[in-house]
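Asks: One structure coming up, written as structure tokens, with questions to follow.
The values are calculated or read from the model by the stated rules, or taken from the named source; none is laboratory data. In this text, all values refer to a predicted model and were calculated from it rather than measured experimentally. Here Cβ is always computed from backbone atoms with ideal geometry, including for glycine, and neighbour counts include all displayed protein chains. Remember, those area values only see protein heavy atoms, side chains included, never the ligands or the DNA or RNA. Shrake-Rupley method; radii C 1.70, N 1.55, O 1.52, S 1.80 Å.
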Amino acid sequence: MKVLFIVNDCNPEWASVPLLGYFFYDALSKLVDMTLVTHERNKLALEKVRSKRKIHYIEEDPRVSNYYKYMNKYVFSRWNNWPLSHVLSYPVYAEFNQKVYSQFKGEVTEGKYDIVHALTPILPRYPIKIHKACGKKTPFIIGPVNGGLPFPKSFGDVAKKEAVFFNFLRYFSILLPGYKATYKKANTVLAGSSYTQKLLEDMFVIYPPKLKLFFENGIPSEFLSRQRIKNDRPENVLFHLLFVGRLVPYKGADMIISALGDMAPGIKKKIILTIVGDGPEKMNLQQQVEDLHLEEQVRFTGWVDHKKTLEYYRDADVFCFPSVREFGGAVVLEAMAAGLPCIVVNHGGISEYVTSETGFKIEPVSRGHIISAIKDNVERLMYDIQLRSRLSQRAIIRAGEFEWGNKAKQIVTIYQQALA
């Protein structure tokens, strides 16, 4: 099966969407005859792992390149907001989109490829022009796309910190030529969450079987393990609590610290909380730790390479990730793969990964409610070893469904259905 795989963000050395794009590409390229089309900014990293695989790099005009560098340095680093980034990034994507169409429309029209699959951007906000070259014999597939999740009503203060006033820019997509036609023309649209699936139904009036639920995230096979390591724990520490993620307001690391601060002195002394990640909230979180006199209980690692995080998962007992607005949340799957019961907020994509057999889901009633529930669940798991063991075993089984090799096989089945 010959597949033209369009992934403008595809990089094994970066995080978030580019790394996700690479995982999809790496797994699928083992099962089909794939031609990857990606941006030239990914070339240096991809050439290190290319082997004999076919990759076509889309070159960037110097003016667009300078614009992208300026936006990264002065805008994206200051305003961490998806709708704003989406609008300001459009000139960069538009050039890529047009060049992909110009360079591949002939081959697609002639039927050189059995499938044309556009993966990124993950946000369902841009048109994909190559659909115009896909005829009846060449299915066009989009996704999984994910996004659009609102903040819970009780977290308006967090929404303001995340510059929610820019959210009106989401309607910018409607003005883009070919945006609606992209989704109407697609043979299959993969939605990365139940929320996004409903969003796409309402926006484009498309339904199953054309519209399919297909969770965006997966896990590398090496993360699936019951192996445990204990790294230099003080003798009095019985319990290791872990958070992995960007340190931004909506991820909720501050609520874990507050929950730890609310515990009885005899209990909190037996707990270590490790916060893996970096971001603009780091200084505020460190100050919170000092104010609550938790310096001996909380440690910050800073940014850690993706493969290195596996060591932290294997040293921990429970994973806590109370993000109140999470599209994908791959870290939750990684924690489950390492056998960690998970404590999450029941809102967005992560609540679809975690079940009652693998952890606890907290309703986003209020900040106080989440803090109290984290405290209660941590203390329960700390002392109920049988419960912890049962959740751990189920978590590994559940995570196995999301292993990249398994996800790639599911995608190939979707290709076959589209061709049929």
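Asks: If I filter region 211-229 for residues that are modelled with pLDDT of 95 or more, open to solvent by less than 60 Å² (accessible area, probe 1.4 Å), assigned to a helix (DSSP H, G or I) and not aromatic (Phe, Trp, Tyr), do I get at least one hit?
Replies: Within region 211-229, not a single residue is modelled with pLDDT of 95 or more, open to solvent by less than 60 Å² (accessible area, probe 1.4 Å), assigned to a helix (DSSP H, G or I) and not aromatic (Phe, Trp, Tyr).
Asks: Within region 344-368, which residues are open to solvent by 10 Å² or more (accessible area, probe 1.4 Å) and either in contact (Cβ under 8 Å) with a residue 60 or more places away in the chain or aliphatic (A, V, I, L, M) (or both)?
Replies: If the condition is that a residue be open to solvent by 10 Å² or more (accessible area, probe 1.4 Å) and either in contact (Cβ under 8 Å) with a residue 60 or more places away in the chain or aliphatic (A, V, I, L, M) (or both), then His347, Gly348, Glu352, Pro364, Val365, Ser366, Arg367 are the ones that fit.
Asks: Could I ask something else about it? Check whether at least one residue in region 125-133 is over 25 Å from Pro280 (Cβ atoms), among the hydroxyl-bearing types (Ser, Thr, Tyr) and either assigned to a loop (DSSP other than H, G, I, E, B) or at pLDDT 95 or above (or both), and report yes or no. Spell out how you get there, then give the answer.
Replies: If we filter region 125-133 for residues that are over 25 Å from Pro280 (Cβ atoms), which is where we start, we get 126-133.
Of the ones still in play, those that are also among the hydroxyl-bearing types (Ser, Thr, Tyr) are 126.
Okay, now just the ones that are also either assigned to a loop (DSSP other than H, G, I, E, B) or at pLDDT 95 or above (or both), so 126.
There is at least one residue in region 125-133 that is over 25 Å from Pro280 (Cβ atoms), among the hydroxyl-bearing types (Ser, Thr, Tyr) and either assigned to a loop (DSSP other than H, G, I, E, B) or at pLDDT 95 or above (or both).
Asks: On the given criteria, is Pro139 open to solvent by less than 50 Å² (accessible area, probe 1.4 Å), farther than 24 Å from Ser351 by Cα and not hydroxyl-bearing (Ser, Thr, Tyr)?
Replies: Values: open to solvent by less than 50 Å² (accessible area, probe 1.4 Å): yes; farther than 24 Å from Ser351 by Cα: yes; not hydroxyl-bearing (Ser, Thr, Tyr): yes.
In short, yes.
Asks: Yes or no: Leu46 surrounded by 15 or more Cβ atoms within 10 Å (Cβ to Cβ), at pLDDT below 95, under 30 Å from Glu326 (Cβ atoms) and under 24 Å from the mean Cα position of the chain (by Cα)?
Replies: Details: surrounded by 15 or more Cβ atoms within 10 Å (Cβ to Cβ): yes; at pLDDT below 95: no; under 30 Å from Glu326 (Cβ atoms): yes; under 24 Å from the mean Cα position of the chain (by Cα): yes.
Spelling it out, it is not the case that Leu46 is surrounded by 15 or more Cβ atoms within 10 Å (Cβ to Cβ), at pLDDT below 95, under 30 Å from Glu326 (Cβ atoms) and under 24 Å from the mean Cα position of the chain (by Cα).
Asks: If we scan region 319-332, do we find a residue that is farther than 23 Å from Ile397 by Cβ, at pLDDT below 95 and loosely packed, with under 15 Cβ neighbours inside 10 Å?
Replies: First, the residues of region 319-332 that are farther than 23 Å from Ile397 by Cβ: 322-325, 327.
When the remaining residues are screened for being at pLDDT below 95, the result is 323-325, 327.
Adding the requirement that they be loosely packed, with under 15 Cβ neighbours inside 10 Å leaves none.
Within region 319-332 (the criterion being farther than 23 Å from Ile397 by Cβ, at pLDDT below 95 and loosely packed, with under 15 Cβ neighbours inside 10 Å), the answer is no, since none of the residues qualifies.
Asks: Hey, can you tell me all the residues within region 373-420 that are within 20 Å of Gly339 (Cα to Cα) and among the β-branched types (Val, Ile, Thr)?
Replies: Ile374, Val378, Ile385, Ile396, Ile397 - these are the residues of region 373-420 that are within 20 Å of Gly339 (Cα to Cα) and among the β-branched types (Val, Ile, Thr).
Asks: Which of (1) within 27 Å of Arg325 (Cα to Cα); (2) within 26 Å of the chain's Cα centre (by Cα); (3) of a type in the set (A, V, I, L, M, F, W, C) is the odd one out, the single condition Ile414 does not satisfy?
Replies: (1)
Asks: Take Ser51 and tell me if it is at positive phi and modelled with pLDDT under 95. Even if it seems obvious, please write down each step before you answer.
Replies: Numbers: at positive phi: yes; modelled with pLDDT under 95: yes.
When the stated conditions are applied, Ser51 passes them.
Asks: Working only within region 30-58, note down all residues that are touching a strand residue (DSSP E or B) at 6+ places or on another chain (Cβ under 9 Å), outside any strand (DSSP E or B) and in contact (Cβ under 8 Å) with a residue 40 or more places away in the chain.
Replies: Residue satisfying the conditions is Val32 alone.
Asks: Still on this structure: Kindly provide the set of residues from region 9-25 that are open to solvent by 10 Å² or more (accessible area, probe 1.4 Å) and part of a loop (DSSP other than H, G, I, E, B), ordered by number.
Replies: Asp9, Pro12, Glu13, Trp14, Ala15 - these are the residues of region 9-25 that are open to solvent by 10 Å² or more (accessible area, probe 1.4 Å) and part of a loop (DSSP other than H, G, I, E, B).
Asks: Right, Glu352: part of a helix (DSSP H, G or I), modelled with pLDDT under 95 and among the acidic types (Asp, Glu) or not?
Replies: Values: part of a helix (DSSP H, G or I): yes; modelled with pLDDT under 95: yes; among the acidic types (Asp, Glu): yes.
Judged against the criteria, Glu352 is a match.
Asks: When the residues of region 249-276 are narrowed to those that are within 20 Å of the chain's Cα centre (by Cα) and open to solvent by 10 Å² or more (accessible area, probe 1.4 Å), which ends up nearest to Ser323 (Cα to Cα)?
Replies: Narrowing region 249-276 to residues within 20 Å of the chain's Cα centre (by Cα): 249-253, 275-276.
Now restrict to residues that are open to solvent by 10 Å² or more (accessible area, probe 1.4 Å): 249-251.
Numbers: Pro249: 9, Tyr250: 6, Lys251: 4 Å.
Top of the filtered list is Lys251.
Asks: Residues of region 277-289 being open to solvent by less than 30 Å² (accessible area, probe 1.4 Å) and farther than 16 Å from Val331 by Cβ, which ones?
Replies: Restricting attention to region 277-289, the residues satisfying the condition of being open to solvent by less than 30 Å² (accessible area, probe 1.4 Å) are 277, 279, 285, 289.
Once the filter is applied, which keeps residues that are open to solvent by less than 30 Å² (accessible area, probe 1.4 Å) and farther than 16 Å from Val331 by Cβ, region 277-289 yields Leu285, Val289.
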